[in-house]
Amino acid sequence: MSRRRSAPRRRLKARIFGSFGAIGLAGFLISLVLALTITRIYADFQRLTDISERVEMGGEVALQMVELQRLSGEFVQSGRSFPADQAGIVFERARGLLEQLGEGASEAVSDRVERMEEYLYGFREAFVEVKRLHDRQSWLIDQGIDSQARRYQDLLGAFEATLPASRAETISGLERLRGAALRIDSLTRNYFDSLDNARIREVNVEVRESRRRLDRLAESSEDPADGAVFREMGSALDDYQEAILDAVQLTRGYLYLVNVVMAGETYEVLYQSDQLSAGLHKEMEQIEAQTAETIRQAVWTVLVGIALTLALMVFLPYRLGRSVVAPIETLTQTFRRLSRGQDAADLDLTEAGYEFHELTRAAHVFREKNEETERLLREYQELNEVLEQRVEERTEALQAANAQLETLSRTDGLTDLANRRAFEEVLEREWAVAVRTKMALSMVMLDVDHFKPFNDRYGHPAGDECLRRIARVLEGPVRRSNDLAARYGGEEFVLILQDSDRDGALTVAEGLQRAVRELAIPNADSSVGVVTVSVGVATRLPDDAGQTPADLVRRADEALYLAKREGRDQVRFMP
């Protein structure tokens with residue numbers, strides 16, 4: 001009897017426990033998968049935030065390099081120590097940013113950062129060498145050359161003062177030597193102002209001619225004591241020439257470092273910065289794709305979990321109902337048999353109360369698991385919305401930083417005109433358009449007359465303001481989208497005029513010349529009392545065989561040189 005009563009109880013308990021155990025296991029698995037998914041999404045979000053910060057640091061490095069280039073250019077133009085000191089501060093800031101970029105970065109990013117550091121240190125070494133050469137050049141020009149020139153002229157003057165009037169021919173020769181010395185001094189100063197190698201060749205010619213005159217005077221002298229004086233004069237002349245050539249050599253090395261080494265290192269750092277930004281963008285896209293895939297998997301996991309839970313909620317109540325009906329039917333039969341007066345001793349009446357107690361407990365467990373699942377789902381949805389908003393904000397900030405970097409890399413910081421890089425890109429593009437359309441392409445090149453004396457007299461802030469006002473004048477003729485006004489370098493500007501023949505280009509050039517004069521910027525070193533410009537114009541039909549954009553630039557530069565040589569403040573055309 002006891003075995004027959006206990007067997008149904010064990011089967012009912014096993015079903016109830018097994019059913020609710022399955023529900024609990026399903027809820028636990030869903031919770032575990034959601035927790036792991038949320039952890040993975042959080043890790044991806046942290047990686048995305050880290051990459052976004054690195055992208056911002058990469059953009060900041062590029063901005064620091066643009067600032068470093070600007071300060072080095074300002075030092076080259078002005079020679080003052082303040083831009084050099086500021087350049088050192090900017091260098092340390094850029095180096096610190098690169099160190100932060102390299103910490104904990106991927107192998108590709110670390111390699112890119114190491115290359116950027118190499119180019120950055122190369123730029124610094126070149127800048128230090130430029131500063132040293134600049135100081136040495138300044139000393140040679142201000143002291144070395146001047147002292148040798150004074151020594152040579154003093155010897156000429158002292159010897160001439162000792163000669164009697166009867167030696168008129170020797171006195172005349174000494175006067176010519178003194179005139180040659182003045183021409184050598186003028187040609188030397190002209191070279192350091194214009195960097196025209198023709199002036200140095202003329203200096204060498206004057207030195208050789210002076211040497212021949214000294215030799216002729218020594219040969220024609222009848223006084224034996226004069227030979228030692230002429231030899232000393234020749235030695236002083238040789239020392240004078242050697243000081244000039246030393247300064248010229250330093251200037252050439254200085255210009256090579258500025259125009260080739262420093263420019264190359266700056267370009268490489270900016271290029272590596274662009275590549276670093278591209279690599280970081282690629283990593284960001286990969287992380288975004290991984291995050292999206294994780295979210296998709298999480299959604300499918302939740303959907304499958306909900307479907308499984310719903311299936312259990314449909315199937316198990318049915319099975320549990322059947323398990324509960326049997327005890328109820330047993331109880332009903334018991335009460336019926338008892339109401340009829342039949343014996344019910346073989347029925348276990350305690351079985352029904354026990355099973356309903358277990359059923360209530362199982363329902364409570366199921367309800368708790370279902371509430372926990374819904375809570376986790378709500379947390380996941382809230383986290384997903386926050387993540388999408390942060391990704392959108394980071395993407396917009398990155399796009400704005402990239403747009404600003406592109407604008408800064410193509411704009412001259414002083415005049416807000418296009419810079420040399422933008423000019424070269426537009427020239428290549430417009431040359432190709434002119435070749436395709438068979439239209440003339442003209443170039444107008446301007447140079448501010450007496451600008452170095454203007455800076456020395458009025459100061460560099462006045463010089464900068466002068467360049468900005470002239471830049472505004474240059475913007476007047478640029479009305480078409482394919483025309484361009486750019487700062488070519490220093491006090492030189494250039495205009496590209498598409499579909500403009502010789503007459504049209506000359507009209508624009510003469511209008512610019514007049515407009516600059518009408519600005520009436522005072523300049524005491526100018527013969528007309530105001531700032532003027534010399535203008536060179538060149539026009540080409542690009543369909544001519546063998547022509548390149550460099551030919552157009554060269555001809556415009558030759559026309560500008562012609563205008564300078566013929567007196568400045570004029571327009572010249574070079575066919």
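Any chance the range 248-262 includes a residue that's at pLDDT 85 or above and open to solvent by 40 Å² or more (accessible area, probe 1.4 Å)? No, the range 248-262 has no match at all. Against the criterion of being modelled with pLDDT under 75, in a helix (DSSP H, G or I), open to solvent by 60 Å² or more (accessible area, probe 1.4 Å) and out of contact with any Pro (no Cβ under 9 Å at 6 or more places or on another chain), residue 404 qualifies. Quick check: anything in the range 427-435 part of a strand (DSSP E or B) and at pLDDT 90 or above? No: zero hits.
Each residue in the range 461-484 was checked for being open to solvent by less than 10 Å² (accessible area, probe 1.4 Å) and touching a helix residue (DSSP H, G or I) at 6+ places or on another chain (Cβ under 8 Å), and 4 pass.
Of all residues in the range 263-289 being among the small types (Gly, Ala, Ser) and within 19 Å of residue 130 (Cα to Cα), which is surrounded by the most Cβ atoms within 10 Å (Cβ to Cβ)? Applying the filter and picking the extreme gives 263. Against the list (1) free of Cβ contacts under 8 Å to residues at least 12 places away in the same chain; (2) open to solvent by less than 80 Å² (accessible area, probe 1.4 Å); (3) farther than 19 Å from residue 251 by Cβ, the condition residue 182 fails is (2). The set of residues from the range 95-133 being open to solvent by less than 50 Å² (accessible area, probe 1.4 Å) and either of a type in the set (Ser, Thr, Tyr) or within 30 Å of residue 178 (Cα to Cα) (or both) comprises 106, 110. Annotation: of all residues in the range 38-53 being of a type in the set (Val, Ile, Thr) and more than 23 Å from the chain's Cα centre (by Cα), the one that is surrounded by the most Cβ atoms within 10 Å (Cβ to Cβ) is 41. With respect to residue 517, is the statement that it is surrounded by 20 or more Cβ atoms within 10 Å (Cβ to Cβ), under 37 Å from the mean Cα position of the chain (by Cα) and of a type in the set (Lys, Arg) true? No; evaluated as a whole, the condition is false for this residue.
One residue stands out among those in the range 533-575 that are farther than 26 Å from residue 520 by Cα and β-branched (Val, Ile, Thr): the one that is most open to solvent (accessible area, probe 1.4 Å), which is 548. Residues of the range 276-293 that are at pLDDT 80 or above and of a type in the set (Ser, Thr, Tyr): 291 alone.
The values are calculated or read from the model by the stated rules, or taken from the named source; none is laboratory data. This is a predicted model, so every value here is computed, not measured. Glycine gets a Cβ as well: all are built from the backbone with ideal geometry, and neighbour counts include every protein chain shown. To get the accessible areas, we keep the full protein, side chains included, count just its heavy atoms, and leave off ligands, DNA and RNA. Shrake-Rupley method; radii C 1.70, N 1.55, O 1.52, S 1.80 Å.
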